[in-house]
Amino acid sequence: MSKSFAVIGDPIDHSLSPNIHSAAFREMNLDSSYIAYRIPKGELEEGIEGLKKIKIDGFNITIPHKIEMMKYLDKIDESCSLIGAVNTVTNTNGILKGYNTDMDGFLEPFKKKKLNIANTKVLLLGAGGAARAIVAGFAKEKASSITIANRTLENAKNLSEFAKKIRLNANAIKIEEVKDTAKNFDIIVNATSVGLKDESSPISLEGINEKTIVYDIVYIPINTDFIKKAKEKNAIIIYGYEMLLGQAVRAFEIWHDMEAPYSAMKKALLGGF
Ligand code: ATR
């Protein structure tokens, strides 16, 4: 049976999700389609009505609708209520159920590479929407502590309160405090948007070594300055595209109830750059 899927957001022109999911459909011989629709801020409700009218089977949600979309769900998966934002929806006869696959997407590369999170000390740069899913992931995998460093201290404090609520030791600092002193952490994650416009790394990464795991969630360009600095120190690298791929793999599995064709999806994603 032919099924239809979409991603909605604004801007949406450069979304790689249609490439990734279309490649998966081809690989699995599924007669399905996946289209990107631009739905501007303030037009989400009409957009959802439209998607229901065309009997869409499922859709992804990206910036700026991930939080507002919560209002239009009939059912909410635990992943979604924990994070307070939704990026994947199933439509079963007009009943919309929301999931958040960002946390699983973030954790996927650690699993694939057999990198341990339990009992590690984490430095997280950034305190926005993506950072919240990441905090939930570190809590789930039982990191020993997380230091949340952000430009706006208030946002870091709010996120550290969330971390403590889900039983992860947390403290909040201003990003300047770790600018030149990022040693003593096992895992360092950039969840700010710094790098997307080819800016230099938000911190210097002095003092890290070849055992430090350095993860950038920015995926355009693939080799951000943050990643380049980590490579100079021979650190263990996780690229932003790996999280993007991880969340798409999980969304595919929710929609199709079968194992996703990881390699075909990765090939399509990397071909899109
Ligand atoms: P996302 O959904 O991708 O997480 P977001 O919620 O807008 O996006 O969060 C962006 C993050 O990048 C925030 O932590 C933001 O810091 P503030 O809380 O101070 O706004 C951070 N960020 C954005 N631009 C930045 C810059 N130029 N320098 C440092 N941090 C920046």
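The values are calculated or read from the model by the stated rules, or taken from the named source; none is laboratory data. The shown structure was predicted, so the numbers you read here are calculated from the model rather than taken from an experiment. No Cβ is skipped: glycine too gets one built from the backbone with ideal geometry, and neighbour counts run over all protein chains shown.
Would you list the strands (runs of 3 or more DSSP E) that sit entirely within segment 122-214 and hold 3 or more residues that are at positive phi and in contact with a Phe, Trp or Tyr (Cβ under 7 Å, 6 or more places away or on another chain)?
Hits in segment 122-214: none.
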(request) Could you grab the pairs with beta carbons closer than 9 Å, sequence gap of 6+ or different chains, first residue in segment 66-79 and more than 11 Å from L44 (Cα to Cα) and touching a residue at least 12 places away in the same chain (Cβ under 8 Å), second one within 16 Å of the ligand (Cβ to nearest atom) and among the acidic types (D, E)? (result) S79/D102
(message) Filter segment 204-216 down to the residues that are at pLDDT 95 or above and either under 26 Å from F273 (Cα atoms) or surrounded by fewer than 14 Cβ atoms within 10 Å (Cβ to Cβ) (or both) and list them by number.
(response) N209, E210, K211, I213, V214, Y215, D216
(request) Only residues that are crowded, with 18+ Cβ neighbours inside 10 Å and either free of Cβ contacts under 8 Å to residues at least 12 places away in the same chain or more than 16 Å from the ligand (Cβ to nearest atom) (or both): list them for segment 217-228, please. (result) I227
(request) Starting from residues that are of a type in the set (A, V, I, L, M) and surrounded by fewer than 16 Cβ atoms within 10 Å (Cβ to Cβ), keep the ones in segment 52-75 and report whichever is nearest to P18 (Cα to Cα). (result) I63
(message) Looking at I187 and the list (1) surrounded by 14 or more Cβ atoms within 10 Å (Cβ to Cβ); (2) within 11 Å of the ligand (Cβ to nearest atom); (3) over 16 Å from the mean Cα position of the chain (by Cα), which single condition is not satisfied?
(response) (2)
(request) Just one of (1) within 18 Å of L107 (Cβ to Cβ); (2) over 16 Å from the mean Cα position of the chain (by Cα) trips up N223, so point out which. (result) (1)
(request) Report the residue count in segment 95-109 for those that are buried (at least 21 other Cβ atoms within 10 Å of the Cβ) and assigned to a helix (DSSP H, G or I). (result) 7
(message) Just to be sure before I move on: is E108 under 23 Å from V86 (Cβ atoms) and more than 16 Å from the ligand (Cβ to nearest atom) in the structure I sent?
(response) yes
(request) May I ask you to say which residue of V135, V194 is hydrophobic (A, V, I, L, M, F, W, C), touching a helix residue (DSSP H, G or I) at 6+ places or on another chain (Cβ under 9 Å) and modelled with pLDDT under 95? (result) V194
(request) Name every residue in segment 227-273 that is under 23 Å from L205 (Cβ atoms) and not hydrophobic (A, V, I, L, M, F, W, C), in order of residue number. (result) K228, K229, K231, E232, K233, N234, Y239, G240, Y241, E242
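Being more than 15 Å from the ligand (Cβ to nearest atom), closer than 23 Å to H14 by Cα and surrounded by 19 or more Cβ atoms within 10 Å (Cβ to Cβ): is that true of V122 here?
Judged against the criteria, V122 is not a match.
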(message) Can you go through I56, I8 and tell me which one is at pLDDT 95 or above, closer than 22 Å to L244 by Cβ, part of a loop (DSSP other than H, G, I, E, B) and not charged (D, E, K, R)?
(response) I56
(message) Which condition from (1) within 16 Å of the ligand (Cβ to nearest atom); (2) under 20 Å from the mean Cα position of the chain (by Cα) is the one that K41 breaks?
(response) (2)
(message) Could you go through segment 151-167 and let me know if any residue there is touching a Lys or Arg at 6+ places or on another chain (Cβ under 9 Å), more than 9 Å from the ligand (Cβ to nearest atom), hydrophobic (A, V, I, L, M, F, W, C) and within 16 Å of L123 (Cβ to Cβ).
(response) no
